[in-house]
Amino acid sequence: MAATRIAGDVLAARIKADLAPAIAAIRAKAGRAPCLASVLVGDDPGSIVYCRSQAKACEGVGITYDLVQFPADTPATALAAKLDALGADPAVDGILLQMPLPRSINARDMAERIPAAKDVEGITSANLGKLFFYEGAALIPCTAAAAYELIKFAGCTIKGAECVVVGHSPIVGKPVACLITNDLGTCTICHIETRDLKAHTTRAEILVVAAGKAGLVTGDHIRPGATVIDVGINRVPCLDEKGQPLLDEKGRKKMKTVGDVDFASAEAVAGAITPVPGGVGPVTVAMLLRNTVRAAETHIA
């Protein structure tokens with residue numbers, strides 16, 4: 001029997017609907033909508049697509065969205081000055097710094113300039129530290145929070161469950177492992193130096209894959225009946241029956257979006273699985289909106 005597909009769009013719509021009373025209360029108290037400022041340096045295609053998604057989502061729930069754009073050759077001093085200004089602006093509730101930044105700019109230094117109370121991506125040391133120390137951080141990294149909410153949405157009991165996270169990034173792998181551990185799940189983190197990935201993943205009742213490598217996890221890596229959360233977003237060529245790339249009318253390779261999990265083989269083994277696209281992505285945007293509202297509530301209290 002094929003696995004149940006975990007509908008991220010359904011959960012995202014529920015989260016957005018739940019924000020309506022809080023947004024209305026903020027408007028009544030502050031005389032304005034919550035405001036999210038998104039800072040983009042350069043023209044990374046993925047970042048541009050994400051900005052469009054943010055703008056549409058904010059408009060849909062009544063959050064003001066301000067996109068601040070800089071050319072790729074912007075010096076670090078100019079970006080730092082703008083982040084400082086946004087941090088001090090009483091009309092801005094949340095700040096999001098789009099990644100990746102140009103190589104000439106230290107991303108960590110820039111992220112730390114965002115005040116913790118306006119850090120709607122939850123990536124500052126202050127907010128990550130709250131998560132680590134079980135302080136119930138209100139602002140949690142959006143993608144990690146999305147994966148965690150999808151686990152619960154799928155009906156999993158985290159407490160006591162055998163959980164494996166593939167990927168150890170500071171904005172997805174490590175935070176989602178903290179969220180699981182804080183709920184008393186038994187969590188293993190795997191990464192590029194893990195010697196036998198399959199030995200770990202086949203033990204997992206809950207498997208979160210966030211490694212950034214298309215098709216890394218296949219059906220034989222999965223415990224029968226496990227819940228699989230695929231965080232990966234990868235662009236790969238479409239292939240014909242002979243394994244050759246398909247071309248469009250302009251002679252360019254046709255591309256498709258896939259996850260880190262080979263969906264066809266995994267769906268035949270797992271109990272529940274998130275599709276890509278349509279799984280973690282919509283919920284990540286909903287988490288950004290939720291964090292913006294939470295930041296606004298704190299800001300205008």
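Assorted remarks:
Conditions tested, residue by residue: (1) within 29 Å of ASP9 (Cβ to Cβ); (2) part of a loop (DSSP other than H, G, I, E, B); (3) among the β-branched types (Val, Ile, Thr).
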residue	(1), (2), (3)
ALA37	yes, no, no
LEU40	yes, no, no
ILE48	yes, no, yes
ALA72	no, yes, no
GLY87	no, no, no
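- When ALA7, ALA2 are checked against the criterion of being loosely packed, with under 13 Cβ neighbours inside 10 Å and touching a residue at least 12 places away in the same chain (Cβ under 8 Å), a single residue qualifies: ALA2.
- Flag if LEU79 is closer than 30 Å to ALA268 by Cα, in contact with a helix residue (DSSP H, G or I) (Cβ under 9 Å, 6 or more places away or on another chain) and of a type outside the set (Lys, Arg): no
- Only residues that are in contact with a helix residue (DSSP H, G or I) (Cβ under 6 Å, 6 or more places away or on another chain) and either among the hydroxyl-bearing types (Ser, Thr, Tyr) or exposed (fewer than 13 other Cβ atoms within 10 Å of the Cβ) (or both) were counted across the range 151-173, and they come to 0.
- Residue check, ALA286 crowded, with 22+ Cβ neighbours inside 10 Å, touching a residue at least 60 places away in the same chain (Cβ under 8 Å) and in the same structural domain as ALA210 (by TED's automatic domain parsing): no
- The number of residues in the range 36-59 that are surrounded by fewer than 14 Cβ atoms within 10 Å (Cβ to Cβ), modelled with pLDDT of 95 or more and either more than 19 Å from the chain's Cα centre (by Cα) or under 9 Å from GLN98 (Cβ atoms) (or both) comes to 1.
- Among the candidates VAL172, VAL209, VAL165, residue that is under 29 Å from ALA296 (Cβ atoms) and not assigned by TED's automatic domain parsing to the domain that holds LEU97: VAL172
The values are calculated or read from the model by the stated rules, or taken from the named source; none is laboratory data. Since this is a predicted model, take the numbers as computed values, not measurements. Quick reminder, even Gly has a Cβ in these numbers, built from the backbone with ideal geometry, and neighbours come from all protein chains shown.
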